[in-house]
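Some notes on the structure that comes next.
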Amino acid sequence: MSVEFDFDGEVALVTGVGGALGSAVANAFLEAGATVCGADVVEPDSEDFLLSEPGRIEFHQGDFTDEDDVAAVVERVVDDHGRLDYLLNVAGTWRGGDPLHETDADTFDFLFGVNLKTMFLASKHAIPHLQETEGAIVSVSARSSLEGGSGDGLYRATKAGVRLLTESIAEENLGTVRANSVMPSVIDTPMNREMMPDADFEEWVDPEQIGAVMLFLCSDAASVTSGAAVPVYGEA
């Protein structure tokens with residue numbers, strides 16, 4: 001069954017737009033007719049920027065762990081387009097491999113900054129504008145945030161924080177801004193294939209499939225859904 005959404009005239013801001021998942025989310029909203037503004041610390045001319053046609057989005061470079069950068073990007077988006085309808089908090093990364101007692105404090109600061117602080121700051125500055133449009137936020141948590149584990153406890157903690165902040169945003173904005181999170185497991189990205197070359201890639205979820213779920217969660221079809229943590233891990 002084919003499903004189509006019409007987001008014509010609406011504005012979406014995607015953080016981490018240069019990554020594999022951010023690119024897929026941007027493309028999903030573009031195909032639905034939205035104006036897509038993308039933010040990333042990585043510039044479009046970098047080999048690490050994976051969006052195939054960056055010219056189709058309005059790109060804003062910014063470090064979303066820096067509140068001044070976040071405030072400036074959000075204000076530019078609203079100034080340029082007069083509105084903000086959707087915030088997609090995709091910026092994030094993974095680090096792991098060592099037990100907690102062998103993990104540097106710098107790794108703690110890095111992971112909580114990239115995975116949780118970016119989501120907090122983007123949401124903080126977007127919410128007043130989303131209240132005006134009765135918009136939506138979708139953030140990326142992780143399946144592993146549901147329990148502790150060996151070697152990547154800090155990553156799991158940051159993604160649990162994303163899930164809990166999402167629930168709080170939903171509660172604080174009942175009737176105005178919907179907030180949900182998605183929980184991937186292993187996403188089929190070039191980096192994950194490089195890190196796990198012997199894995200069965202067929203079990204992994206394509207970024208485009210997750211982008212489609214995030215699009216749905218912003219649509220009127222999900223108008224009664226807020227505060228949810230939605231599994232998007234397929235068979236992974």
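Tell me which residues, restricted to region 127-139, are assigned to a helix (DSSP H, G or I) and either surrounded by fewer than 24 Cβ atoms within 10 Å (Cβ to Cβ) or touching a Pro at 6+ places or on another chain (Cβ under 8 Å) (or both).
Listed by number, the residues that qualify are I127, P128, H129, Q131, E132, T133.
Checking F120 against (1) surrounded by fewer than 22 Cβ atoms within 10 Å (Cβ to Cβ); (2) touching a Phe, Trp or Tyr at 6+ places or on another chain (Cβ under 7 Å); (3) of a type outside the set (A, V, I, L, M): exactly one of these is not met. Which one?
So the condition that F120 fails would be (2).
So which of A142, A170 ends up being in contact with a strand residue (DSSP E or B) (Cβ under 7 Å, 6 or more places away or on another chain), open to solvent by less than 20 Å² (accessible area, probe 1.4 Å), closer than 26 Å to L100 by Cβ and hydrophobic (A, V, I, L, M, F, W, C)?
The match here is A142.
Looking at region 213-231, is at least one residue over 16 Å from the mean Cα position of the chain (by Cα), within 29 Å of G97 (Cβ to Cβ) and open to solvent by 40 Å² or more (accessible area, probe 1.4 Å)?
no
Checking the conditions here, which among E147, E208 is more than 26 Å from L30 (Cβ to Cβ) and open to solvent by 50 Å² or more (accessible area, probe 1.4 Å)?
E147
Only one of V140, V114 is more than 22 Å from T225 (Cα to Cα), out of contact with any Cys (no Cβ under 8 Å at 6 or more places or on another chain) and β-branched (V, I, T). Can you tell me which?
After ruling out the rest, the residue left standing is V114.
Among what's in region 185-205 and is outside any helix (DSSP H, G or I) and in contact with a Gly (Cβ under 9 Å, 6 or more places away or on another chain), pick the residue that is modelled with the lowest pLDDT.
T189
Just need a number here: residues in region 173-195 that are open to solvent by less than 80 Å² (accessible area, probe 1.4 Å) and closer than 19 Å to G92 by Cα.
Of the residues in that region, 12 qualify.
Can we say A136 is under 22 Å from A28 (Cβ atoms), at pLDDT 95 or above and within 13 Å of the chain's Cα centre (by Cα)?
Judged against the criteria, A136 is a match.
Among the listed residues G33, G96, which satisfies the condition of being touching a residue at least 40 places away in the same chain (Cβ under 8 Å) and farther than 19 Å from Q131 by Cβ?
Matching residue, one of G33, G96: G96.
Just need a number here: residues in region 150-166 that are open to solvent by less than 20 Å² (accessible area, probe 1.4 Å) and among the basic types (K, R).
So the answer is 1.
Would you mind listing the helices (runs of 4 or more DSSP H) fully within region 1-113 where at least 2 residues are open to solvent by 50 Å² or more (accessible area, probe 1.4 Å) and either closer than 28 Å to P190 by Cα or among the small types (G, A, S) (or both)?
Answer list for region 1-113: 105-111.
The values are calculated or read from the model by the stated rules, or taken from the named source; none is laboratory data. Note that the structure is predicted; figures quoted are calculated from it, not measured. Quick reminder, even Gly has a Cβ in these numbers, built from the backbone with ideal geometry, and neighbours come from all protein chains shown. When the accessible area is computed, the model is the full protein with side chains, heavy atoms only, and any ligands, DNA or RNA have been set aside. Shrake-Rupley method; radii C 1.70, N 1.55, O 1.52, S 1.80 Å.
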